[in-house]
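Comments concern the structure below.
The values are calculated or read from the model by the stated rules, or taken from the named source; none is laboratory data. Please read all numbers here as calculations on a predicted model, not as lab measurements. No Cβ is skipped: glycine too gets one built from the backbone with ideal geometry, and neighbour counts run over all protein chains shown. The protein model used for the area step is the full one, side chains on, heavy atoms only, and it has no ligands, DNA or RNA in it. Shrake-Rupley method; radii C 1.70, N 1.55, O 1.52, S 1.80 Å.
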Amino acid sequence: MAEWLYDAGIGETRAALAEDGRIIEARIERASDGPRVGAVLAARLVEPGKVALDAPGEPIATLSGTRGLSLGSRLIVEITRMALRERGRAKPARARLAGEGAALTDGPDLRARIAATDAPVVELSPNGPDRLEAAGWSDLIERIREGHWPFAGGALWIDPTPAMLLIDIDGEGDPLDLAKAGAAAAIEVVRCCDVGGAIGIDFPSLAGRAERQAVDALVDALLPQPFERTATNGFGFMQIVRRRSRPSLIEQVRFDAVATDAAELLRHAGRAVGTGTLQLVARPAVADHIAARRDWVDALQARVGRRVEIVADAQVKGAGHAQ
C-alpha cells in the first residue's frame, strides 16, 4: 500500500509517496517559495492590478477586480497561485479579493496537504532508518538536475522552458513500442514532480493514425484528470495542459540550485554520526546560504548534538558533504 514519507527537514520539508519501495510522488516546501495557495493575507494596492503582500519581503501579487480602488488601499486577499520561477524570469503570485470576514491564515502546509489524501502519513525521524533514501530520493533529485530519465528501452530528456515543460522521448526499436513506453515514463514524471501548466511531449514519429490514437488513449488512461490535451499530430507532438497552482519539483530543483544543494547537505548532515565538530563543506554559494541562516545551524547543532562548522571550498561540486 502506498504511504507518504514525511520529513520535517531543516530549511525544507519534503514528502514522498512511496509504493513497493519506490517514489511515485515527491513534494518539497521551502519558506523561500513564498505565500502558499490558500493563504489569506493583508495587502496594499501598489499599482492597478498589483498588491504588496504583508509577508516577509513584501512580495508582489497580481490581483484582478481592483478597478475603482485607490492606490494605497488596504485589502484582504487570498493566494490562488504561488509565485513561480522560470528560466530567466519570475512570475509573481496570483491573488483574489478574500470573502468578507475572511480570517488571516498561512494556508495549508505540505503536511496538511498530504494528510488530506487517502494515503497514510509516516513521519520520519532523523535518528531512524533513512526511508527516503531507500526509496530513491537522492537519485530522483539527481535525475531532475540532469533532466535525464532512463526507462526500459529509452530515456526522457526534460527541459523546463518559459513556454512549457518539454519532454523528448529518445530510444531505439519499434516506434510504437518506444512511444508507449515513453508515454508511461513521461506521465510518471508529470505525476511524481507535480507538473502543471503546459507540457509538450515529443514522441517518435508514428506512421499511422491508429498508432497515434493508441498513444493518446494510453495518456488518457495513465494521467489523472483534470487535464486537457491535443491529439498526437503527424510529427509526434502532443501538448497537455494541467492546472498550475504551485511550482513543480522540477522548477524548485532546477531554478534554485543553491537552496536545493543546501537542503540536501543539511539532510545528510542531520544523520551524520561521530563526535567532535561537524564540518559542512560546500561550494561558497551553498556555504554562504546556510551560514546566513543561523536558525538552521542552531537546529542542526541541536539535532546532532555537535558543534557545526561551515567550510566554503570552491573545488566542491554539488551539495557538498558533511564530515
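Per-residue answers, yes or no, for (1) open to solvent by less than 20 Å² (accessible area, probe 1.4 Å); (2) β-branched (Val, Ile, Thr):
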{"position": "MET238", "(1), (2)": "yes, no"}
{"position": "PHE255", "(1), (2)": "no, no"}
{"position": "THR277", "(1), (2)": "no, yes"}
{"position": "ALA282", "(1), (2)": "yes, no"}
{"position": "ALA292", "(1), (2)": "no, no"}
{"position": "VAL304", "(1), (2)": "no, yes"}
{"position": "GLY318", "(1), (2)": "no, no"}
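For the range 37-46, the tally of residues that are among the β-branched types (Val, Ile, Thr), open to solvent by 20 Å² or more (accessible area, probe 1.4 Å) and in a strand (DSSP E or B) stands at 1.
So that you can scan it fast, the table gives a plain yes or no per residue for (1) touching a Leu at 6+ places or on another chain (Cβ under 9 Å); (2) over 14 Å from GLU25 (Cα atoms):
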residue	(1), (2)
PRO108	no, yes
VAL121	yes, no
GLU142	no, yes
ALA152	no, yes
ASP168	yes, yes
GLU172	yes, yes
ALA186	yes, no
CYS193	yes, no
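Selection of first residues in the range 160-187 that are under 30 Å from GLY88 (Cα atoms) and in contact (Cβ under 8 Å) with a residue 24 or more places away in the chain and of second residues that are open to solvent by less than 40 Å² (accessible area, probe 1.4 Å) and assigned to a loop (DSSP other than H, G, I, E, B), restricted to Cβ pairs under 6 Å at least 6 apart or on distinct chains, gives the following pairs, ordered by first then second residue: LEU165/VAL195; ILE169/PHE203; ILE187/LEU223. Within the range 163-203, count every residue that is assigned to a helix (DSSP H, G or I), over 23 Å from the mean Cα position of the chain (by Cα) and either under 21 Å from GLU228 (Cβ atoms) or not small (Gly, Ala, Ser) (or both). Of the residues in that region, 6 qualify. The condition (being at positive phi, buried (at least 16 other Cβ atoms within 10 Å of the Cβ) and either in contact with a strand residue (DSSP E or B) (Cβ under 9 Å, 6 or more places away or on another chain) or basic (Lys, Arg) (or both)) is satisfied by just one residue among GLY34, GLY49, GLY72, GLY65: GLY34. In the set GLU309, GLU264, only one residue is of a type in the set (D, E, K, R), within 25 Å of ASN127 (Cα to Cα) and surrounded by 15 or more Cβ atoms within 10 Å (Cβ to Cβ); that residue is GLU264.
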